Amino acid sequence: MGKIVSFLGISGLCAGLVFLSGCSYLNGGRSDPAAGSDIIIEKHTEIETEEGPTLPPLLPEETTIEPLELPELSTETGTVNPEIVIASDIHYLSKELTDFGNAFTQMASERDGLLVSYTWEITDAFLDEVIRRRPQVLILAGDLTLNGARLSHETLAQQLARVEAAGIPVAVIPGNHDINNPQAASFRSDESVPAETVNPEQFAAIYEDFGYREALSRDPVSLSYVYQLTDGTWLLMLDSCQYENGAQVGGMIRSETYQWIDKVLEKAWDDERRVIAVAHHNLLDESRIYEKNCTIEHSEELEQILDEWDVRLFLSGHLHVQHYKTSDEYDIDEIVTSALAVSPCQYGVLQYFNTDQYYYTTERTDVSAWAQKKNNPDRNLQDFEGYAEEFLRNTFYRKAVEELRGKELSQDQIKNMAQLYALLNVESVAGTACDVRDFVEEDDNFELWQMYDRTSILCMYMNEIMEDAVRDYNEMSRPGPN
């Protein structure tokens, strides 16, 4: 209760905008069907790049894969670690794209709770933790960059190279911010200046060492691919982004890609391979308020295909909220890992043993410990967890104040209602709204929301959070607890 009382005593206003920066409604249709390839494990479709040679074939057509045999696991150095680390929504920006002037400062204060001013420290601290953990793979589930600038992709790839150099494979997929993004920009003095972005071919070339070069199979019409883990499990890395006519926010799977998925999963079934599916956008309607903004269009078709081939686990990001859900119709779990660039700056750790046995939990990136080790004098970094939470809280607080202005409410009522809204949303982003649910429900300001603004999207979202706050979404297992 001390945490709650302390929060409700805060009265300051800081800059901030809306939550869920990855999600906004956007219409779009499926592409027309096309004939698929007759082979299942096929040659990599060559990609022409503007700079450098085409990527080499990954597997010859005659390649066969032996039936799955799991290695023995032990604690000895050099043996396989069953852990899989997954992070999403890094929103990285190359330092070369900013002079830290007014344009950058203004942008960083208005990016939906994204900790843009500390993206470098967060990323560095996170990758240090990955190297210490030594998982069998690091999965990055899209929105690798802030605005899709080519320089940001190239700089992040250099960072990821040190993870691979430590013997830890990295597998990436794009998010809606990453490709053909018209908002790609650098920030100079008082202006934002257009910057070079990347097309799909350039994305694959930049990240060729992080999944694409080693892929068992590549979808010829998207950036989807199959990656095999050390323990023999296949990662079905699905490109759910729409970037043909500029970067669109909503997600979809191309019709031709469904044909490729079906053949890959048939091959996995024949060869007794376990499969984990990964995409940036969500498979299930994790939020009733934002389902059209974040869920893959026509995702029921993808659900059906995954269920037919006994794929039970789907990993995603995009929502910027820690959450999980089981399909209402199929025996499929989806785990959504919250944004690394948003408080509490956490990532997922998955121990995957078989289709019906896995355990997922989250870890918070310890940026403060990283700063102390680096002797960084920045006060915000010295207590980064507190700073990041306050930054996000003030983002939600300001949004609520803007929503409530003009209504028949006193200034104290607006302040208290906004504080309660911010408290609930900060906990929801972290996946821990259950910790404050009873407190919020008993607070008079929650009733004021129902009386004065029940039809607003903010109030509807509060009510959904309350209804959904039945568990801590930072821990999930199959089978579940008895």
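General observations
- Odd one out for Ala277, checked against (1) open to solvent by 20 Å² or more (accessible area, probe 1.4 Å); (2) under 21 Å from Val85 (Cβ atoms); (3) without any contact (Cβ under 8 Å) to a residue 60 or more places away in the chain: (1)
- Counting only residues that are in contact (Cβ under 8 Å) with a residue 12 or more places away in the chain and out of contact with any Lys or Arg (no Cβ under 8 Å at 6 or more places or on another chain), segment 471-482 holds 8 of them.
- Index of the failed condition, Val342 passing every other in (1) open to solvent by less than 10 Å² (accessible area, probe 1.4 Å); (2) in a helix (DSSP H, G or I): (2)
- The listed residue being under 22 Å from the mean Cα position of the chain (by Cα) and closer than 23 Å to Lys263 by Cβ, out of Leu319, Leu302, Leu350: Leu302
- Taking first residues from segment 344-357 that are of a type in the set (Gly, Ala, Ser) and partners that are open to solvent by 20 Å² or more (accessible area, probe 1.4 Å), the Cβ contacts under 6 Å between residues at least 6 apart in sequence or on separate chains come to Gly348/Thr362.
- Of the residues Ser152, Ser186, Ser192, the single one that is at pLDDT below 95 and farther than 27 Å from Asp231 by Cα is Ser192.
- Once segment 107-135 is narrowed to residues that are in a loop (DSSP other than H, G, I, E, B) and open to solvent by less than 10 Å² (accessible area, probe 1.4 Å), the residue that is farthest from Trp370 (Cα to Cα) is Gly113.
- The residue that is least open to solvent (accessible area, probe 1.4 Å), among those in segment 283-326 that are of a type in the set (Lys, Arg) and touching a strand residue (DSSP E or B) at 6+ places or on another chain (Cβ under 8 Å), is Arg312.
- Annotation note: Cβ proximity below 7 Å between a residue of segment 373-396 that is within 20 Å of Glu110 (Cβ to Cβ) and a residue that is among the hydroxyl-bearing types (Ser, Thr, Tyr) (sequence gap 6+ or interchain) occurs for Asn380/Tyr387; Ala388/Ser343; Glu389/Ser343; Phe391/Ser343; Leu392/Ser343; Phe396/Tyr421.
- Looking at segment 159-212, the strands (runs of 3 or more DSSP E) lying wholly inside it that each contain 1 or more residues that are in contact with a Ser or Thr (Cβ under 7 Å, 6 or more places away or on another chain) and open to solvent by 30 Å² or more (accessible area, probe 1.4 Å) sit at 191-194.
- Condition met for Thr145 (more than 19 Å from Ala369 (Cβ to Cβ), among the β-branched types (Val, Ile, Thr) and open to solvent by 10 Å² or more (accessible area, probe 1.4 Å)): no
- Taken over segment 452-464, residues that are open to solvent by 10 Å² or more (accessible area, probe 1.4 Å), among the hydrophobic types (A, V, I, L, M, F, W, C) and modelled with pLDDT of 90 or more amount to 1.
- Per-region count, segment 147-168, residues out of contact with any helix residue (DSSP H, G or I) (no Cβ under 8 Å at 6 or more places or on another chain) and more than 20 Å from Leu115 (Cβ to Cβ): 3
- Considering residues of segment 435-451 that are open to solvent by less than 20 Å² (accessible area, probe 1.4 Å) and aliphatic (A, V, I, L, M) only, the residue farthest from Glu402 (Cα to Cα): Val436
- For segment 223-233, filtering for residues that are open to solvent by 10 Å² or more (accessible area, probe 1.4 Å) and not β-branched (Val, Ile, Thr) leaves 3.
- Among (1) within 30 Å of Tyr360 (Cα to Cα); (2) in contact (Cβ under 8 Å) with a residue 12 or more places away in the chain - the single one Gln419 does not satisfy: (1)
- When residues of segment 399-420 are limited to those that are part of a helix (DSSP H, G or I) and acidic (Asp, Glu), the one modelled with the highest pLDDT: Asp412
- Top-ranked residue of segment 406-427 - restricted to ones that are more than 13 Å from Met451 (Cα to Cα), among the charged types (D, E, K, R) and more than 26 Å from the chain's Cα centre (by Cα), ranked as surrounded by the fewest Cβ atoms within 10 Å (Cβ to Cβ): Asp412
- Within segment 244-274, tally of residues that are under 21 Å from His318 (Cβ atoms) and either at pLDDT below 95 or not hydroxyl-bearing (Ser, Thr, Tyr) (or both): 12
- Verdict on Glu303 being within 26 Å of Val85 (Cβ to Cβ) and out of contact with any helix residue (DSSP H, G or I) (no Cβ under 7 Å at 6 or more places or on another chain): yes
- Members of segment 431-449 that are assigned to a helix (DSSP H, G or I) and touching a helix residue (DSSP H, G or I) at 6+ places or on another chain (Cβ under 7 Å): Ala433, Asp435, Arg437, Phe439, Val440, Glu441, Asn445, Phe446, Leu448, Trp449
- If you go through segment 80-106 and keep only what is surrounded by fewer than 18 Cβ atoms within 10 Å (Cβ to Cβ) and of a type in the set (Val, Ile, Thr), you end up with Val80, Thr105.
- Yes/no for Ala268 being closer than 20 Å to Tyr330 by Cα, open to solvent by less than 30 Å² (accessible area, probe 1.4 Å) and either among the charged types (D, E, K, R) or in contact with a strand residue (DSSP E or B) (Cβ under 7 Å, 6 or more places away or on another chain) (or both): yes
- Check on Phe396, open to solvent by 20 Å² or more (accessible area, probe 1.4 Å), of a type in the set (Phe, Trp, Tyr), assigned to a helix (DSSP H, G or I) and within 24 Å of Asn176 (Cβ to Cβ): no
The values are calculated or read from the model by the stated rules, or taken from the named source; none is laboratory data. On a predicted model such as this, the values are computed, not experimentally measured, just so you know. Counting neighbours? That spans all protein chains shown, and the Cβs are built from the backbone with ideal geometry, glycine included. Quick note on the areas: whole protein, heavy atoms, side chains included, nothing else; ligands and nucleic acids left out. Shrake-Rupley method; radii C 1.70, N 1.55, O 1.52, S 1.80 Å.
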